[in-house]
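Quick notes on the structure that follows.
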Amino acid sequence: MRTRLQKWSLLLGAAAVLALPPASCAQLTQYDLESRIGMESHIGSITGHAKDAKTAYRRYCTGCHGDLGDGNGENFPWVDPKPRDFQLGIFKCRSTPTGTLPTDQDLFDTIARGLDRSNMPQWSTFTKEERADLVAWVKHFSPRWVNEKPGTPIEIPPEPEITPERIKAGRDVYARVQCWKCHGVLGQANGPSAATLTDDLSRPIAAYNFTEGSRPKCGDTDRDIYRVFMTGLDGTPMPSFADNIKPDEAWDLVFYLRTLMSQPSKAKTMAKQLGLKPVDPNAPAGQQ
Amino acid sequence: MRKESSFAAVLSAVVLVCSGALILNQKVSAAGEGKISGTVRLDGPAPHMKGIEMSKDPYCAKAHANEPAHLEQVVVGSNGGLQNVVLYITEGLPASALAEAPKEVLVFDQKNCMYTPHVLAMDAGQTFKVTSSDQTTHNIHPLPNPMTGNIPWNQSQPPGAAPIEKSWKAPEVIPVKCNIHPWMNGWHVVVKGPYAVTDGSGNYSINNVPPGNYAVTAWQELYGTQTQKVTVAAGKAGTADFTFKAK
(Lines give C-alpha, C1' and ligand atoms only; values in the text may rest on other atoms or scores of the structure.)
Protein backbone atom coordinates (compact mmCIF):
# COMPACT_ATOMS: atom_id res chain seq x y z
CA MET A 1 0.00 0.00 0.00
CA ARG A 2 2.75 2.40 0.81
CA THR A 3 4.10 2.39 -2.72
CA ARG A 4 0.67 3.17 -4.06
CA LEU A 5 0.36 6.10 -1.70
CA GLN A 6 3.82 7.32 -2.61
CA LYS A 7 3.11 7.10 -6.27
CA TRP A 8 -0.02 9.10 -5.95
CA SER A 9 1.41 11.65 -3.56
CA LEU A 10 4.07 12.24 -6.17
CA LEU A 11 1.30 12.92 -8.62
CA LEU A 12 -0.28 15.19 -6.11
CA GLY A 13 3.02 17.02 -5.70
CA ALA A 14 3.27 17.52 -9.42
CA ALA A 15 -0.30 18.71 -9.58
CA ALA A 16 -0.38 20.85 -6.47
CA VAL A 17 1.71 23.63 -7.94
CA LEU A 18 -0.84 24.18 -10.67
CA ALA A 19 -3.41 26.88 -10.02
CA LEU A 20 -6.37 26.14 -7.76
CA PRO A 21 -9.32 24.52 -9.48
CA PRO A 22 -12.20 26.74 -10.50
CA ALA A 23 -15.30 26.40 -8.36
CA SER A 24 -17.18 24.46 -11.03
CA CYS A 25 -14.80 21.57 -10.52
CA ALA A 26 -15.40 21.25 -6.80
CA GLN A 27 -18.28 18.84 -7.26
CA LEU A 28 -15.91 16.37 -8.90
CA THR A 29 -14.41 15.69 -5.48
CA GLN A 30 -17.73 14.21 -4.39
CA TYR A 31 -17.83 10.59 -5.29
CA ASP A 32 -21.29 10.51 -6.74
CA LEU A 33 -22.63 7.01 -7.19
CA GLU A 34 -26.22 8.18 -7.25
CA SER A 35 -25.66 9.91 -10.59
CA ARG A 36 -24.83 6.55 -12.16
CA ILE A 37 -27.60 4.52 -10.57
CA GLY A 38 -29.34 4.43 -13.97
CA MET A 39 -26.50 2.28 -15.39
CA GLU A 40 -27.64 -0.62 -17.55
CA SER A 41 -26.11 -3.77 -18.96
CA HIS A 42 -27.11 -5.61 -22.11
CA ILE A 43 -26.69 -9.36 -22.31
CA GLY A 44 -28.34 -10.66 -25.46
CA SER A 45 -31.98 -9.70 -25.07
CA ILE A 46 -31.70 -9.12 -21.30
CA THR A 47 -31.30 -5.61 -19.92
CA GLY A 48 -29.78 -5.35 -16.45
CA HIS A 49 -30.54 -2.40 -14.15
CA ALA A 50 -28.04 -1.31 -11.51
CA LYS A 51 -30.72 -0.17 -9.07
CA ASP A 52 -32.23 -3.68 -8.99
CA ALA A 53 -28.95 -5.24 -7.83
CA LYS A 54 -28.52 -3.13 -4.72
CA THR A 55 -29.87 -5.74 -2.30
CA ALA A 56 -28.09 -8.69 -3.86
CA TYR A 57 -24.79 -6.77 -3.92
CA ARG A 58 -25.14 -5.79 -0.25
CA ARG A 59 -25.88 -9.37 0.66
CA TYR A 60 -23.36 -11.27 -1.46
CA CYS A 61 -20.59 -8.94 -2.62
CA THR A 62 -20.07 -6.10 -0.10
CA GLY A 63 -18.13 -8.29 2.32
CA CYS A 64 -15.24 -8.37 -0.14
CA HIS A 65 -15.80 -5.55 -2.65
CA GLY A 66 -17.07 -2.97 -0.14
CA ASP A 67 -20.16 -0.74 -0.18
CA LEU A 68 -18.38 1.78 -2.38
CA GLY A 69 -16.99 -0.91 -4.68
CA ASP A 70 -13.44 0.08 -3.71
CA GLY A 71 -12.45 -3.49 -2.80
CA ASN A 72 -12.26 -2.48 0.83
CA GLY A 73 -14.89 -4.80 2.31
CA GLU A 74 -14.51 -6.27 5.78
CA ASN A 75 -12.77 -9.36 4.36
CA PHE A 76 -10.05 -7.24 2.74
CA PRO A 77 -7.32 -8.13 5.27
CA TRP A 78 -7.83 -11.89 4.81
CA VAL A 79 -8.21 -12.16 1.07
CA ASP A 80 -5.30 -12.58 -1.35
CA PRO A 81 -5.34 -11.64 -4.20
CA LYS A 82 -7.24 -8.60 -2.92
CA PRO A 83 -10.89 -8.03 -3.90
CA ARG A 84 -11.13 -5.86 -6.99
CA ASP A 85 -11.53 -2.09 -6.68
CA PHE A 86 -14.39 -1.47 -9.12
CA GLN A 87 -13.88 2.31 -9.01
CA LEU A 88 -10.74 1.92 -11.13
CA GLY A 89 -12.62 0.10 -13.88
CA ILE A 90 -9.71 -2.30 -14.61
CA PHE A 91 -10.56 -5.96 -15.34
CA LYS A 92 -8.54 -9.09 -15.96
CA CYS A 93 -10.95 -11.25 -17.95
CA ARG A 94 -11.84 -9.45 -21.16
CA SER A 95 -12.51 -10.29 -24.77
CA THR A 96 -11.34 -6.73 -25.59
CA PRO A 97 -7.81 -5.34 -26.20
CA THR A 98 -5.54 -4.25 -23.33
CA GLY A 99 -6.41 -0.79 -22.01
CA THR A 100 -10.10 -1.04 -22.94
CA LEU A 101 -13.23 -1.83 -20.93
CA PRO A 102 -14.61 -5.38 -21.02
CA THR A 103 -17.99 -6.09 -22.61
CA ASP A 104 -21.07 -6.65 -20.45
CA GLN A 105 -20.95 -10.28 -21.54
CA ASP A 106 -17.37 -10.60 -20.20
CA LEU A 107 -18.46 -9.44 -16.73
CA PHE A 108 -21.59 -11.60 -16.91
CA ASP A 109 -19.47 -14.68 -17.64
CA THR A 110 -16.94 -13.80 -14.91
CA ILE A 111 -19.60 -13.54 -12.21
CA ALA A 112 -20.96 -16.98 -13.07
CA ARG A 113 -17.53 -18.58 -13.42
CA GLY A 114 -15.80 -17.06 -10.41
CA LEU A 115 -12.04 -16.52 -10.45
CA ASP A 116 -9.82 -19.51 -9.76
CA ARG A 117 -6.76 -18.98 -7.57
CA SER A 118 -8.70 -16.27 -5.69
CA ASN A 119 -11.53 -15.98 -3.14
CA MET A 120 -13.92 -14.76 -5.81
CA PRO A 121 -16.65 -17.44 -5.69
CA GLN A 122 -18.66 -18.95 -8.49
CA TRP A 123 -22.13 -17.36 -8.59
CA SER A 124 -24.19 -19.89 -10.52
CA THR A 125 -27.33 -19.59 -8.39
CA PHE A 126 -28.45 -16.18 -9.65
CA THR A 127 -30.95 -16.00 -12.50
CA LYS A 128 -29.67 -14.42 -15.72
CA GLU A 129 -31.66 -11.28 -14.93
CA GLU A 130 -30.11 -10.99 -11.46
CA ARG A 131 -26.65 -11.48 -12.90
CA ALA A 132 -27.26 -8.84 -15.58
CA ASP A 133 -28.37 -6.43 -12.83
CA LEU A 134 -25.15 -7.17 -10.91
CA VAL A 135 -23.12 -6.42 -14.03
CA ALA A 136 -24.80 -3.00 -14.27
CA TRP A 137 -24.16 -2.45 -10.55
CA VAL A 138 -20.45 -3.31 -10.89
CA LYS A 139 -20.24 -0.85 -13.81
CA HIS A 140 -21.88 2.01 -11.89
CA PHE A 141 -18.88 2.25 -9.54
CA SER A 142 -16.54 3.60 -12.23
CA PRO A 143 -16.89 6.80 -14.25
CA ARG A 144 -15.08 4.99 -17.07
CA TRP A 145 -18.41 3.43 -18.09
CA VAL A 146 -19.85 6.89 -18.65
CA ASN A 147 -16.88 8.29 -20.56
CA GLU A 148 -15.85 5.27 -22.64
CA LYS A 149 -17.32 2.41 -24.58
CA PRO A 150 -16.09 -1.18 -24.18
CA GLY A 151 -13.33 -2.21 -26.60
CA THR A 152 -14.11 -4.21 -29.74
CA PRO A 153 -13.75 -7.93 -28.93
CA ILE A 154 -10.76 -9.54 -30.63
CA GLU A 155 -11.52 -11.90 -33.48
CA ILE A 156 -10.82 -15.55 -32.85
CA PRO A 157 -10.74 -17.75 -35.95
CA PRO A 158 -12.21 -21.26 -35.68
CA GLU A 159 -9.98 -23.73 -33.91
CA PRO A 160 -7.90 -25.78 -36.39
CA GLU A 161 -7.22 -29.50 -36.10
CA ILE A 162 -4.42 -30.23 -33.62
CA THR A 163 -1.30 -31.80 -35.20
CA PRO A 164 2.21 -32.60 -33.91
CA GLU A 165 3.55 -29.88 -36.26
CA ARG A 166 1.27 -27.32 -34.67
CA ILE A 167 2.39 -28.29 -31.16
CA LYS A 168 6.03 -27.91 -32.23
CA ALA A 169 5.25 -24.56 -33.84
CA GLY A 170 3.51 -23.52 -30.62
CA ARG A 171 6.63 -24.32 -28.65
CA ASP A 172 8.59 -22.07 -30.99
CA VAL A 173 6.16 -19.22 -30.30
CA TYR A 174 6.50 -19.79 -26.53
CA ALA A 175 10.26 -19.49 -27.06
CA ARG A 176 10.25 -16.57 -29.50
CA VAL A 177 8.00 -14.22 -27.53
CA GLN A 178 9.52 -15.46 -24.26
CA CYS A 179 6.50 -16.51 -22.22
CA TRP A 180 9.05 -18.53 -20.23
CA LYS A 181 10.58 -15.36 -18.76
CA CYS A 182 7.66 -15.40 -16.33
CA HIS A 183 6.01 -18.81 -16.71
CA GLY A 184 9.23 -20.85 -16.84
CA VAL A 185 10.41 -23.29 -19.50
CA LEU A 186 8.16 -26.03 -18.09
CA GLY A 187 5.26 -23.71 -17.26
CA GLN A 188 5.94 -23.91 -13.52
CA ALA A 189 5.76 -20.14 -12.97
CA ASN A 190 9.47 -20.03 -12.14
CA GLY A 191 11.01 -18.08 -15.03
CA PRO A 192 13.83 -15.60 -14.32
CA SER A 193 11.34 -12.71 -13.90
CA ALA A 194 8.78 -14.64 -11.83
CA ALA A 195 10.02 -13.71 -8.37
CA THR A 196 9.78 -9.94 -8.84
CA LEU A 197 6.33 -9.69 -10.42
CA THR A 198 3.89 -7.16 -8.90
CA ASP A 199 0.40 -6.06 -9.93
CA ASP A 200 -0.57 -2.48 -10.85
CA LEU A 201 -0.98 -1.61 -7.18
CA SER A 202 2.54 -2.88 -6.41
CA ARG A 203 1.35 -6.06 -4.68
CA PRO A 204 3.32 -9.27 -5.32
CA ILE A 205 1.61 -11.58 -7.82
CA ALA A 206 2.51 -15.05 -9.10
CA ALA A 207 2.53 -16.03 -12.76
CA TYR A 208 0.14 -18.86 -13.64
CA ASN A 209 1.57 -22.30 -12.95
CA PHE A 210 0.39 -24.51 -15.82
CA THR A 211 1.46 -27.74 -14.13
CA GLU A 212 -0.46 -27.49 -10.85
CA GLY A 213 -3.88 -28.49 -12.10
CA SER A 214 -5.59 -25.20 -11.23
CA ARG A 215 -7.90 -23.81 -13.89
CA PRO A 216 -7.12 -20.58 -15.73
CA LYS A 217 -9.23 -17.89 -14.00
CA CYS A 218 -10.63 -16.43 -17.18
CA GLY A 219 -11.99 -19.77 -18.37
CA ASP A 220 -10.73 -23.20 -19.29
CA THR A 221 -11.74 -23.65 -22.93
CA ASP A 222 -9.19 -23.35 -25.73
CA ARG A 223 -10.83 -20.09 -26.81
CA ASP A 224 -10.53 -18.71 -23.26
CA ILE A 225 -6.81 -19.45 -23.21
CA TYR A 226 -6.36 -17.95 -26.69
CA ARG A 227 -8.05 -14.79 -25.39
CA VAL A 228 -5.79 -14.46 -22.32
CA PHE A 229 -2.53 -13.86 -24.15
CA MET A 230 -4.11 -11.88 -27.01
CA THR A 231 -5.79 -9.39 -24.63
CA GLY A 232 -3.58 -9.54 -21.53
CA LEU A 233 -4.88 -9.56 -17.97
CA ASP A 234 -5.14 -5.85 -17.20
CA GLY A 235 -3.96 -4.78 -13.77
CA THR A 236 -1.34 -7.57 -13.78
CA PRO A 237 2.08 -8.14 -15.41
CA MET A 238 0.49 -10.52 -17.96
CA PRO A 239 0.80 -8.48 -21.20
CA SER A 240 -1.08 -8.61 -24.48
CA PHE A 241 0.74 -10.27 -27.38
CA ALA A 242 -1.88 -9.30 -29.97
CA ASP A 243 0.63 -7.38 -32.12
CA ASN A 244 3.20 -10.14 -32.08
CA ILE A 245 1.40 -13.44 -32.44
CA LYS A 246 -0.62 -14.13 -35.61
CA PRO A 247 -4.04 -15.80 -35.19
CA ASP A 248 -2.83 -19.10 -36.65
CA GLU A 249 0.26 -19.09 -34.41
CA ALA A 250 -1.95 -18.29 -31.45
CA TRP A 251 -3.77 -21.60 -31.93
CA ASP A 252 -0.40 -23.39 -32.13
CA LEU A 253 0.51 -21.77 -28.83
CA VAL A 254 -2.76 -22.86 -27.19
CA PHE A 255 -1.99 -26.45 -28.21
CA TYR A 256 1.51 -26.17 -26.74
CA LEU A 257 0.17 -24.71 -23.47
CA ARG A 258 -2.09 -27.76 -23.18
CA THR A 259 1.02 -29.96 -23.19
CA LEU A 260 2.32 -28.09 -20.14
CA MET A 261 -0.91 -28.52 -18.17
CA SER A 262 -1.31 -31.51 -15.88
CA GLN A 263 -4.79 -32.40 -17.16
CA PRO A 264 -4.76 -35.22 -19.74
CA SER A 265 -5.31 -33.99 -23.31
CA LYS A 266 -4.75 -34.93 -26.91
CA ALA A 267 -1.95 -32.36 -26.99
CA LYS A 268 -0.20 -34.01 -24.06
CA THR A 269 -0.31 -37.43 -25.68
CA MET A 270 1.02 -36.09 -28.96
CA ALA A 271 3.85 -34.22 -27.22
CA LYS A 272 4.87 -37.43 -25.48
CA GLN A 273 4.94 -39.36 -28.75
CA LEU A 274 6.98 -36.56 -30.30
CA GLY A 275 9.46 -36.55 -27.41
CA LEU A 276 9.02 -32.79 -27.41
CA LYS A 277 11.74 -30.97 -25.46
CA PRO A 278 11.16 -27.78 -23.47
CA VAL A 279 12.46 -24.47 -24.84
CA ASP A 280 16.11 -23.63 -24.28
CA PRO A 281 16.37 -20.31 -22.45
CA ASN A 282 20.07 -19.99 -23.30
CA ALA A 283 19.70 -20.12 -27.07
CA PRO A 284 19.92 -16.76 -28.86
CA ALA A 285 16.61 -14.91 -29.24
CA GLY A 286 14.50 -16.44 -31.96
CA GLN A 287 16.17 -19.87 -31.80
CA GLN A 288 15.21 -21.20 -28.40
CA MET B 1 -3.94 3.49 4.52
CA ARG B 2 -6.28 2.47 1.76
CA LYS B 3 -8.70 5.28 2.42
CA GLU B 4 -5.87 7.82 2.31
CA SER B 5 -4.40 6.57 -0.89
CA SER B 6 -7.64 6.54 -2.82
CA PHE B 7 -8.36 10.02 -1.48
CA ALA B 8 -5.01 11.22 -2.77
CA ALA B 9 -5.81 9.61 -6.09
CA VAL B 10 -9.14 11.32 -6.46
CA LEU B 11 -7.76 14.65 -5.32
CA SER B 12 -4.81 14.56 -7.68
CA ALA B 13 -7.12 13.59 -10.52
CA VAL B 14 -9.38 16.49 -9.74
CA VAL B 15 -6.53 18.98 -9.44
CA LEU B 16 -5.09 17.84 -12.74
CA VAL B 17 -8.37 17.89 -14.60
CA CYS B 18 -9.45 21.19 -13.13
CA SER B 19 -6.19 23.04 -13.64
CA GLY B 20 -6.33 21.97 -17.26
CA ALA B 21 -9.77 23.54 -17.45
CA LEU B 22 -8.49 26.68 -15.80
CA ILE B 23 -5.67 27.09 -18.28
CA LEU B 24 -8.10 26.72 -21.14
CA ASN B 25 -10.20 29.54 -19.70
CA GLN B 26 -7.40 32.11 -20.06
CA LYS B 27 -7.78 34.92 -22.55
CA VAL B 28 -5.70 35.06 -25.70
CA SER B 29 -2.80 37.48 -25.32
CA ALA B 30 -0.60 39.13 -27.92
CA ALA B 31 0.63 36.70 -30.57
CA GLY B 32 4.33 36.22 -31.31
CA GLU B 33 7.06 33.72 -30.73
CA GLY B 34 9.45 33.67 -27.85
CA LYS B 35 11.04 31.26 -25.47
CA ILE B 36 11.89 30.60 -21.87
CA SER B 37 15.28 29.11 -21.17
CA GLY B 38 17.60 28.48 -18.30
CA THR B 39 19.59 25.91 -16.36
CA VAL B 40 18.59 23.50 -13.62
CA ARG B 41 21.28 22.63 -11.09
CA LEU B 42 21.72 20.36 -8.14
CA ASP B 43 22.99 22.02 -4.96
CA GLY B 44 25.15 19.60 -2.99
CA PRO B 45 26.73 16.23 -3.67
CA ALA B 46 24.77 14.03 -6.05
CA PRO B 47 23.27 11.02 -4.25
CA HIS B 48 24.85 7.70 -5.09
CA MET B 49 23.00 5.92 -7.91
CA LYS B 50 23.13 2.19 -7.34
CA GLY B 51 24.43 -0.11 -10.05
CA ILE B 52 21.83 -2.38 -11.65
CA GLU B 53 22.21 -6.12 -11.50
CA MET B 54 20.95 -7.62 -14.76
CA SER B 55 22.17 -11.21 -14.50
CA LYS B 56 18.57 -12.52 -14.69
CA ASP B 57 18.65 -11.71 -18.39
CA PRO B 58 22.01 -12.56 -19.98
CA TYR B 59 21.19 -10.38 -23.01
CA CYS B 60 20.84 -7.32 -20.78
CA ALA B 61 23.88 -8.18 -18.67
CA LYS B 62 26.03 -8.58 -21.79
CA ALA B 63 24.94 -5.18 -23.13
CA HIS B 64 26.42 -3.61 -20.01
CA ALA B 65 29.42 -5.92 -19.63
CA ASN B 66 31.95 -3.09 -19.94
CA GLU B 67 30.06 -0.37 -18.13
CA PRO B 68 27.43 -1.33 -15.57
CA ALA B 69 24.13 0.50 -15.76
CA HIS B 70 23.03 2.69 -12.87
CA LEU B 71 19.69 3.92 -11.58
CA GLU B 72 18.77 7.24 -13.18
CA GLN B 73 16.73 9.05 -10.55
CA VAL B 74 19.32 11.81 -10.30
CA VAL B 75 21.62 12.41 -13.29
CA VAL B 76 24.10 15.24 -12.81
CA GLY B 77 26.54 16.67 -15.39
CA SER B 78 30.09 17.81 -14.62
CA ASN B 79 28.92 21.40 -14.00
CA GLY B 80 26.24 20.38 -11.51
CA GLY B 81 23.55 20.57 -14.21
CA LEU B 82 20.59 18.29 -13.53
CA GLN B 83 19.37 16.16 -16.45
CA ASN B 84 15.82 14.85 -17.09
CA VAL B 85 14.01 17.75 -15.40
CA VAL B 86 10.74 18.61 -17.15
CA LEU B 87 9.85 22.30 -17.53
CA TYR B 88 6.35 23.39 -18.40
CA ILE B 89 4.11 26.40 -18.05
CA THR B 90 1.53 26.31 -15.28
CA GLU B 91 0.10 29.81 -15.58
CA GLY B 92 -0.36 32.51 -18.18
CA LEU B 93 -0.60 30.57 -21.44
CA PRO B 94 -3.12 31.91 -23.95
CA ALA B 95 -5.68 29.43 -25.21
CA SER B 96 -4.16 29.72 -28.69
CA ALA B 97 -0.95 28.13 -27.40
CA LEU B 98 -2.92 25.18 -26.05
CA ALA B 99 -5.24 24.52 -28.95
CA GLU B 100 -3.33 21.72 -30.61
CA ALA B 101 -0.77 19.17 -29.52
CA PRO B 102 2.53 19.30 -31.46
CA LYS B 103 2.66 17.15 -34.59
CA GLU B 104 6.14 15.86 -33.76
CA VAL B 105 6.05 12.13 -32.92
CA LEU B 106 8.20 11.34 -29.89
CA VAL B 107 10.20 8.14 -29.45
CA PHE B 108 10.50 6.09 -26.26
CA ASP B 109 13.04 3.36 -26.94
CA GLN B 110 13.95 0.24 -25.02
CA LYS B 111 17.68 -0.03 -25.44
CA ASN B 112 20.08 -2.29 -23.58
CA CYS B 113 17.23 -2.98 -21.17
CA MET B 114 16.86 0.66 -20.15
CA TYR B 115 14.39 3.34 -21.27
CA THR B 116 15.79 6.00 -23.59
CA PRO B 117 14.97 8.69 -22.67
CA HIS B 118 14.44 7.92 -19.00
CA VAL B 119 11.96 10.82 -18.85
CA LEU B 120 9.75 11.52 -21.85
CA ALA B 121 7.78 14.77 -21.66
CA MET B 122 4.84 15.35 -23.96
CA ASP B 123 1.75 17.39 -24.55
CA ALA B 124 -1.62 15.76 -23.84
CA GLY B 125 -2.78 14.28 -27.15
CA GLN B 126 0.72 14.20 -28.66
CA THR B 127 1.68 10.92 -30.33
CA PHE B 128 4.62 8.89 -29.06
CA LYS B 129 6.12 5.70 -30.39
CA VAL B 130 7.43 2.91 -28.20
CA THR B 131 10.28 1.10 -29.97
CA SER B 132 12.63 -1.70 -28.97
CA SER B 133 16.26 -1.92 -30.04
CA ASP B 134 16.78 -5.06 -27.98
CA GLN B 135 17.04 -8.76 -28.79
CA THR B 136 15.01 -9.69 -25.75
CA THR B 137 11.28 -9.48 -25.01
CA HIS B 138 10.03 -6.45 -23.09
CA ASN B 139 6.57 -5.70 -21.85
CA ILE B 140 5.76 -2.03 -21.76
CA HIS B 141 3.38 -1.26 -18.94
CA PRO B 142 2.54 2.38 -18.16
CA LEU B 143 0.72 2.85 -14.84
CA PRO B 144 -1.39 5.99 -14.95
CA ASN B 145 -4.11 6.52 -12.38
CA PRO B 146 -7.28 5.59 -14.30
CA MET B 147 -9.18 8.33 -12.42
CA THR B 148 -7.38 10.94 -14.55
CA GLY B 149 -8.78 9.59 -17.81
CA ASN B 150 -5.46 7.98 -18.76
CA ILE B 151 -5.96 4.23 -18.88
CA PRO B 152 -3.17 1.73 -18.13
CA TRP B 153 -2.23 -0.86 -20.78
CA ASN B 154 0.32 -3.64 -21.03
CA GLN B 155 1.81 -4.85 -24.31
CA SER B 156 4.71 -7.13 -25.12
CA GLN B 157 7.49 -6.26 -27.57
CA PRO B 158 9.53 -9.31 -28.57
CA PRO B 159 12.69 -8.78 -30.67
CA GLY B 160 11.89 -7.15 -34.00
CA ALA B 161 8.35 -6.13 -32.97
CA ALA B 162 6.77 -3.13 -34.68
CA PRO B 163 6.63 0.17 -32.76
CA ILE B 164 3.54 0.85 -30.65
CA GLU B 165 1.92 4.26 -31.26
CA LYS B 166 -0.05 5.84 -28.45
CA SER B 167 -0.93 9.13 -26.77
CA TRP B 168 -2.22 10.23 -23.36
CA LYS B 169 -5.39 12.22 -22.83
CA ALA B 170 -4.77 14.13 -19.63
CA PRO B 171 -1.87 15.85 -17.82
CA GLU B 172 -0.30 13.37 -15.42
CA VAL B 173 3.07 12.04 -14.28
CA ILE B 174 2.96 8.40 -15.39
CA PRO B 175 5.42 5.74 -14.23
CA VAL B 176 6.35 3.18 -16.91
CA LYS B 177 7.70 -0.26 -16.14
CA CYS B 178 8.66 -3.57 -17.66
CA ASN B 179 7.55 -6.51 -15.52
CA ILE B 180 10.06 -8.82 -17.21
CA HIS B 181 12.97 -6.51 -16.25
CA PRO B 182 11.95 -5.06 -12.88
CA TRP B 183 14.78 -2.51 -12.85
CA MET B 184 13.39 -0.80 -15.95
CA ASN B 185 11.56 2.28 -14.87
CA GLY B 186 10.84 5.45 -16.79
CA TRP B 187 8.41 8.36 -16.81
CA HIS B 188 5.91 9.85 -19.18
CA VAL B 189 5.33 13.41 -18.02
CA VAL B 190 2.17 14.64 -19.72
CA VAL B 191 1.55 18.39 -19.59
CA LYS B 192 -0.69 20.88 -21.33
CA GLY B 193 1.17 23.31 -23.61
CA PRO B 194 4.83 23.81 -24.51
CA TYR B 195 7.48 22.00 -22.47
CA ALA B 196 11.18 21.14 -22.39
CA VAL B 197 13.45 18.60 -20.73
CA THR B 198 16.92 19.49 -19.45
CA ASP B 199 19.94 18.08 -21.29
CA GLY B 200 23.11 16.59 -19.79
CA SER B 201 24.26 20.05 -18.66
CA GLY B 202 20.92 20.95 -17.09
CA ASN B 203 20.04 23.40 -19.89
CA TYR B 204 16.59 23.77 -21.35
CA SER B 205 14.61 25.97 -23.71
CA ILE B 206 10.81 26.04 -23.96
CA ASN B 207 10.05 27.30 -27.46
CA ASN B 208 6.92 28.81 -29.01
CA VAL B 209 6.02 30.91 -26.01
CA PRO B 210 4.27 34.19 -26.95
CA PRO B 211 5.19 37.35 -24.98
CA GLY B 212 3.50 37.41 -21.59
CA ASN B 213 3.81 36.72 -17.88
CA TYR B 214 4.11 33.09 -16.87
CA ALA B 215 4.66 30.66 -14.09
CA VAL B 216 7.18 27.99 -15.09
CA THR B 217 7.37 24.73 -13.19
CA ALA B 218 10.31 22.33 -13.00
CA TRP B 219 9.55 18.67 -12.18
CA GLN B 220 12.22 16.23 -11.01
CA GLU B 221 11.27 12.63 -10.24
CA LEU B 222 12.86 12.51 -6.79
CA TYR B 223 12.76 16.16 -5.71
CA GLY B 224 9.27 17.13 -6.85
CA THR B 225 8.40 20.52 -8.30
CA GLN B 226 9.42 24.18 -8.09
CA THR B 227 7.72 27.14 -9.73
CA GLN B 228 8.94 30.60 -10.76
CA LYS B 229 7.45 33.67 -12.37
CA VAL B 230 9.00 34.71 -15.66
CA THR B 231 8.26 37.35 -18.31
CA VAL B 232 8.72 36.92 -22.03
CA ALA B 233 8.84 40.27 -23.87
CA ALA B 234 8.62 40.79 -27.61
CA GLY B 235 12.02 39.81 -28.99
CA LYS B 236 13.38 38.98 -25.56
CA ALA B 237 13.49 35.47 -24.14
CA GLY B 238 12.54 34.85 -20.53
CA THR B 239 15.06 33.23 -18.21
CA ALA B 240 14.39 30.95 -15.27
CA ASP B 241 17.14 29.02 -13.51
CA PHE B 242 16.27 26.44 -10.88
CA THR B 243 18.25 24.80 -8.09
CA PHE B 244 17.20 21.60 -6.35
CA LYS B 245 18.76 20.73 -2.99
CA ALA B 246 20.49 17.35 -3.00
CA LYS B 247 18.85 14.82 -0.68
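The values are calculated or read from the model by the stated rules, or taken from the named source; none is laboratory data. As the structure is a prediction and not an experimental result, all values here were calculated from the model. Cβ: placed from backbone, ideal geometry, glycine included. Neighbour counts: every protein chain shown. Remember, those area values only see protein heavy atoms, side chains included, never the ligands or the DNA or RNA. Shrake-Rupley method; radii C 1.70, N 1.55, O 1.52, S 1.80 Å.
B:LEU71 sits with roughly 60 Å² accessible to a 1.4 Å probe, with DNA, RNA and ligands left out of the calculation. A simple charge model with +1 on the Cβ of Lys and Arg, -1 on the Cβ of Asp and Glu and nothing else charged puts the dipole of segment A:164-274 at about 380 debye relative to its Cα centre. By the Stokes-Einstein formula, at 0.890 mPa s and 25 °C, chain B with its Kirkwood radius over alpha-carbon pairs has D equal to 127 µm²/s. Expressed as an acute angle from 0 to 90° and rounded to the nearest 10, what is the orientation of the C-alpha long axis of helix B:2-25 relative to the principal long axis of chain B? Once rounded, the angle reads 40 degrees. Within 10 Å of the Cβ of each residue in B:136-147, the mean number of Cβ atoms contributed by other protein chains is 6. Compute a Gaussian network model of chain A, connecting alpha carbons closer than 10 Å, and tell me which residue from A:LEU260, A:LEU276, A:LEU107 fluctuates the most. It is A:LEU276.
What's the FRET efficiency of B:GLU104 with A:ASP80 using the Cβ-Cβ distance as r and R₀ = 51 Å, to the nearest 0.05? So, using R0 = 51 Å, E works out to roughly 0.65.
Chain A gives an Rg/Rh value of 1.01, both radii derived from C-alpha positions and Rh following Kirkwood. In whole angstrom, note down how far apart the Cα centers of segment B:155-212 and segment A:104-138 are. So the two Cα centres are separated by 39 Å.
GNM on chain B, alpha-carbon springs under 10 angstrom: the most fluctuating residue among B:GLN155, B:GLN220, B:GLN126 is B:GLN155. Counting only residues at least eight positions apart within a chain, or on another chain, the lysines with an alpha carbon under 23 Å from that of B:LYS192 are A:LYS7, B:LYS27, B:LYS35, B:LYS103, B:LYS129, B:LYS166, B:LYS169, B:LYS229.
Histogrammed with a bin width of 10 Å, the alpha carbon distances of segment A:164-274 distribute as 15, 49, 32, 4, 0 percent, first bin at zero.
Among the helices of chain A, those built from whole DSSP H runs whose Cα atoms reach 15 Å or more along their own axis and whose mean Kyte-Doolittle hydropathy is at least -1.0 are A:2-16, A:128-140, A:247-260.
For the protein assembly as shown, the alpha carbon convex hull comes to 154 Å³ per residue, rounded to a whole number.
At a Förster radius of 25 Å, what calculated FRET efficiency corresponds to the Cβ-Cβ distance of A:ASP248 and A:THR152, to the nearest 0.05? Once the sixth-power term is evaluated, E becomes 0.75. Taking A:SER214, A:SER124, A:SER45 as the candidate residues, the one with maximal mean-square fluctuation in a Gaussian network model of chain A, Cα springs under 10 Å, is A:SER45. For the segment B:173-184, counting C-beta atoms of other chains within 10 Å of every residue's C-beta and taking the mean gives 4. In chain A, the calculated helix contribution to ellipticity at 222 nm averages -10000 deg cm²/dmol per residue, counting -39,500 (n - 2.57) for every DSSP H run with n ≥ 4. Rolled with a 1.4 Å probe across the full set of protein chains, the surface gives B:LYS192 an accessible area near 50 Å². Taken over segment A:137-288, lysine pairs spaced eight or more positions apart, or on distinct chains, with alpha carbons under 16 Å apart number 7. Between segment A:233-281 and segment A:38-93, the C-alpha centres lie 33 angstrom from each other. For chain B, excluding the exposed loop sites themselves (GluC sites (Glu not before Pro), DSSP loop, at most 15 other Cβ atoms within 10 Å), the longest remaining stretch covers B:105-247.
In chain A the longest region clear of GluC sites (Glu not before Pro) that are loop-assigned by DSSP and have at most 13 other C-beta atoms within 10 Å covers A:75-154. Taking only alpha carbon atoms, segment A:34-147 gives an Rg to Rh ratio of 0.92, where Rh is the Kirkwood radius. For segment B:28-100, the equivalent ellipsoid derived from the alpha-carbon gyration tensor has semi-axes of 39, 18, 10 Å in decreasing order.
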